[in-house]
Amino acid sequence: MTDASADARRPQEFEKVLSASDTSVASFDTHTRSPIEKIQHFLHSNPAAVPLIVLVASIALFGVIIGGKFFSAFSMTLILQQVAITGIIGAAQTLVILTAGIDLSVGAIMVLSSVVMGQFTFRYGLPPSLAILCGFAVGALCGWLNGVLVSYMKLPPFIVTLGTWQIVLATNFLYSANETIRSQDIEAQAPILKFFGENFRLGNAVFTYGVVAMVLLVAVLWYILNHTAWGRHVYAIGDDPEAAQLSGVRVNRVLISVYVISGLICALGGWMLIGRIGSVSPTAGQFANIESITAVVIGGISLFGGRGSILGMLFGALIVGVFQLGLRLIGTDPQWTYLLIGTLIIIAVAIDQWIRKVAG
Amino acid sequence: MAIEPLLTARGLVKRYGRVTALDQADFDLYPGEILAVIGDNGAGKSSLIKAISGAITPDEGEIRLEGKVVNFKAPMEARDAGIETVYQNLALSPALSIADNMFLGREIRKPGIMGNWFRMLDRGAMEKRAREKLTELGLMTIQNISQAVETLSGGQRQGVAVARAAAFGSKVVIMDEPTAALGVKESRRVLELILDVKRRGLPIVLISHNMPHVFEVADRIHIHRLGRRLTVIDPKEYTMSDAVAFMTGAKVPPEAALAAA
């Protein structure tokens, strides 16, 4: 033992043989990969590729089967209109799921915000633009509540949002007294509430402002998630919150901001909902949470957090829209749509697990 | 000793419920030295290191950096003060790239409107500095600095974490079990890296269970036992079995050693 400390500055006895060993340390492996591994690596670095391929393939498939009736500017833009709200709510869901959370309350927040926008205008006579701002404030408040419970109270997001979903939905019914605000009244007194339902034409293509807003929102969020520090922190938190905290990310602050932004986006969805259905109805959008989770999962975003691209979510929403319209035009029982989408969800999660093995 | 310690801690106490992890613990780190911290499992080494690196806030006691009292409430504050830590779990985000990981929490933004208004990250600058740092430490031949950390081997990940600490640590670098998860060759490389960082004049706090590694690189060895500093020994004057005996309580260190501390 005394020998060991005497020549302590030299390699240990048992390590002397190392001089003869391979000296390349920690170099990046360059061994040639099999084609399957190459695909795996490509998909690993391009998480939106799978849903994009599926989307293009399904459009091509329905285009071949149905022909011009499906493969037209009108039908394509109709799909966009039909998935606009799912896309918006899916964007909110994406942010939360990237942090390894889940938000079951998105649909409820959307409906409550739309009801607030409508009722504040018609019940209290507020200027519609001010009522819309109040709707956004309510959305942000609901998101903030979720965020505080998840970050500071350390409660599981699933449970928190399962609770707030019921709370917000019940508040919505109690506050609105289950009243619907009729389309004609909105038309006459507060047309701005329906702004996102208005459309413009480019040839046969019909775009609503809602569609434009949805595409813009996804583009802006894509930029934020990939090119700002906040976006990187969202991914880091979803990956490993402890590591993120130790690396200097203010985890709780980022988490709360994610839920608040999610609430704000849901309020935007609520405003678009008025344009989409024409009236303010407290019973609308009941399936928005499930539809948004479906879009996110088919879009290749990992439910375990930290992986995936918001573009994938948009492709996922469009895949669902393509299947719905395509199968309707073929004239099958709509249950086939759900059957196929259910299958797609399971395949998407299986592919996600396979891609993750690249790390192993 | 004429030289003033760079980093000191006096009377640190940290309780978790009924467990006392730190019980009046002291700590001294002198400029330019490698101080090893050893102790049995549950002796409170990790709590001591976390207190110094800002990951936990001690209930009592004070920490001084260059003579000034510091009160870290988050790892970020310790980092801003120049104390960098390589955690045992490395604290890397697997899905993010090497460059993104090195700059996590202190990203560089683009100059001008893009950076100030659109908060755009300057990927080019970050990747350039990350590459410089990794090459400077002779760590690895970088092929793709934008590759995800999860595609790297254990040793490569350790390299990224050490490079991050060496790149930003201006006063102290703390390493928690840097060789625990590595193979023989990779361990040797990391030990050289530690000596390399020391040659740059940065003092290092090394927490390790590996006695040969500790005795090889450390200038002084801080032995932690039952939540406090038992003694500090010079590795040239004691053997590994002495150290283990102190650590486990089989032997009581001579008073002289306590006084020297």
Could you list all residues from the stretch B:180-191 that are within 14 Å of another protein chain (Cβ to nearest Cβ) and at pLDDT below 85?
B:ALA181, B:LEU182, B:GLY183, B:VAL184, B:LYS185, B:GLU186, B:SER187, B:ARG188, B:ARG189, B:VAL190
Output for the stretch A:245-264, where each listed residue is in contact with a Gly (Cβ under 8 Å, 6 or more places away or on another chain) and closer than 20 Å to A:PRO157 by Cα:
A:VAL249, A:LEU255, A:ILE256, A:SER257, A:VAL258, A:TYR259, A:VAL260, A:ILE261, A:SER262, A:GLY263, A:LEU264
Is it the case that some residue within the stretch B:225-238 is closer than 30 Å to B:GLY105 by Cβ and of a type in the set (Gly, Ala, Ser)?
no
Unique residue being of a type in the set (Lys, Arg), more than 9 Å from chain A (Cβ to nearest Cβ) and without any contact (Cβ under 8 Å) to a residue 12 or more places away in the chain when the list is B:LYS236, B:LYS251, B:LYS198:
B:LYS251
Looking only at the stretch A:244-274, count how many residues are over 21 Å from A:LEU130 (Cα atoms) and surrounded by 24 or more Cβ atoms within 10 Å (Cβ to Cβ).
7
Looking at B:HIS213, B:HIS222, can you tell me which residue is away from chain A (no Cβ under 14 Å) and either buried (at least 20 other Cβ atoms within 10 Å of the Cβ) or in a loop (DSSP other than H, G, I, E, B) (or both)?
B:HIS222
When the stretch A:174-190 is checked residue by residue, the ones that are assigned to a helix (DSSP H, G or I) and touching a residue at least 40 places away in the same chain (Cβ under 8 Å) are A:TYR175, A:SER176, A:SER183, A:ASP185, A:ILE186, A:GLN189
Residues of the stretch A:155-196 being more than 17 Å from A:GLY139 (Cβ to Cβ), of a type in the set (Gly, Ala, Ser) and surrounded by 21 or more Cβ atoms within 10 Å (Cβ to Cβ), in sequence order, are A:ALA190
Mind listing just one residue for me: the one in the stretch A:302-360 that is charged (D, E, K, R) and in a helix (DSSP H, G or I) and, of those, surrounded by the fewest Cβ atoms within 10 Å (Cβ to Cβ)?
A:LYS357
Given the conditions (1) modelled with pLDDT of 85 or more; (2) in the same structural domain as B:VAL197 (by TED's automatic domain parsing), report the number of the one that B:SER170 does not fulfil.
(1)
Do we find that A:ILE65 is at negative phi and within 18 Å of the chain's Cα centre (by Cα) in this structure?
no
Counting only residues in the stretch B:158-179 that are in a helix (DSSP H, G or I) and surrounded by fewer than 21 Cβ atoms within 10 Å (Cβ to Cβ), the one nearest to the other protein chains (Cβ to nearest Cβ) is identified as B:PHE168
As an exercise: evaluate B:ARG119 against (1) more than 21 Å from B:ILE34 (Cα to Cα); (2) within 23 Å of the chain's Cα centre (by Cα) and give the number of the one condition it does not meet.
(2)
In this structure, does A:GLY270 turn out to be modelled with pLDDT of 95 or more, farther than 30 Å from B:ILE56 by Cβ and either of a type outside the set (Phe, Trp, Tyr) or under 14 Å from the mean Cα position of the chain (by Cα) (or both)?
yes
Looking at the stretch A:220-239, is at least one residue under 24 Å from A:CYS134 (Cα atoms) and buried (at least 18 other Cβ atoms within 10 Å of the Cβ)?
yes
Condition broken by A:VAL254, with the remaining ones in (1) over 30 Å from B:GLN158 (Cβ atoms); (2) modelled with pLDDT of 95 or more; (3) of a type in the set (Val, Ile, Thr) satisfied:
(1)
Looking at B:LYS68, B:LYS14, B:LYS73, B:LYS45 in this structure, which one is touching a Gly at 6+ places or on another chain (Cβ under 9 Å) and surrounded by fewer than 19 Cβ atoms within 10 Å (Cβ to Cβ)?
B:LYS73
Restricting the first residue to the stretch A:315-338 and requiring it to be in contact (Cβ under 8 Å) with a residue 40 or more places away in the chain, which pairs with a second residue that is of a type in the set (Phe, Trp, Tyr) and outside any helix (DSSP H, G or I) meet a Cβ separation below 8 Å and a spacing of at least six or different chains?
A:LEU325/A:PHE70; A:GLY326/A:PHE70; A:LEU329/A:PHE70
Yes or no: B:ALA95 surrounded by 15 or more Cβ atoms within 10 Å (Cβ to Cβ) and closer than 28 Å to B:LEU226 by Cα?
no
Do any strands (runs of 3 or more DSSP E) entirely within the stretch B:45-153 hold 3 or more residues that are touching a residue at least 12 places away in the same chain (Cβ under 8 Å) and either within 7 Å of chain A (Cβ to nearest Cβ) or under 30 Å from B:LYS185 (Cα atoms) (or both), and if so, which?
B:83-86
Of the conditions (1) at pLDDT 90 or above; (2) surrounded by 13 or more Cβ atoms within 10 Å (Cβ to Cβ); (3) within 27 Å of the chain's Cα centre (by Cα); (4) more than 12 Å from chain B (Cβ to nearest Cβ), A:ALA60 satisfies every one except a single condition; which number is it?
(2)
Those residues of the stretch B:1-37 which are in a strand (DSSP E or B), more than 15 Å from B:ALA78 (Cβ to Cβ) and out of contact with any helix residue (DSSP H, G or I) (no Cβ under 9 Å at 6 or more places or on another chain) amount to B:ARG10, B:GLY11, B:VAL13, B:ARG15, B:VAL19, B:THR20, B:ASP23, B:GLN24, B:ASP26, B:ASP28, B:LEU35
Condition met for B:ASP40 (surrounded by fewer than 23 Cβ atoms within 10 Å (Cβ to Cβ), assigned by TED's automatic domain parsing to the domain that holds B:ARG229 and in contact with a helix residue (DSSP H, G or I) (Cβ under 6 Å, 6 or more places away or on another chain))
yes
State whether one or more residues within the stretch A:71-83 are surrounded by 13 or more Cβ atoms within 10 Å (Cβ to Cβ), assigned to a helix (DSSP H, G or I), modelled with pLDDT under 90 and β-branched (Val, Ile, Thr).
no
Residue check, A:PHE200 more than 14 Å from chain B (Cβ to nearest Cβ), outside any helix (DSSP H, G or I) and over 20 Å from A:GLY306 (Cα atoms):
yes
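The values are calculated or read from the model by the stated rules, or taken from the named source; none is laboratory data. Everything numeric here is computed off the predicted structure, so don't read it as measured data. Glycine gets a Cβ as well: all are built from the backbone with ideal geometry, and neighbour counts include every protein chain shown.
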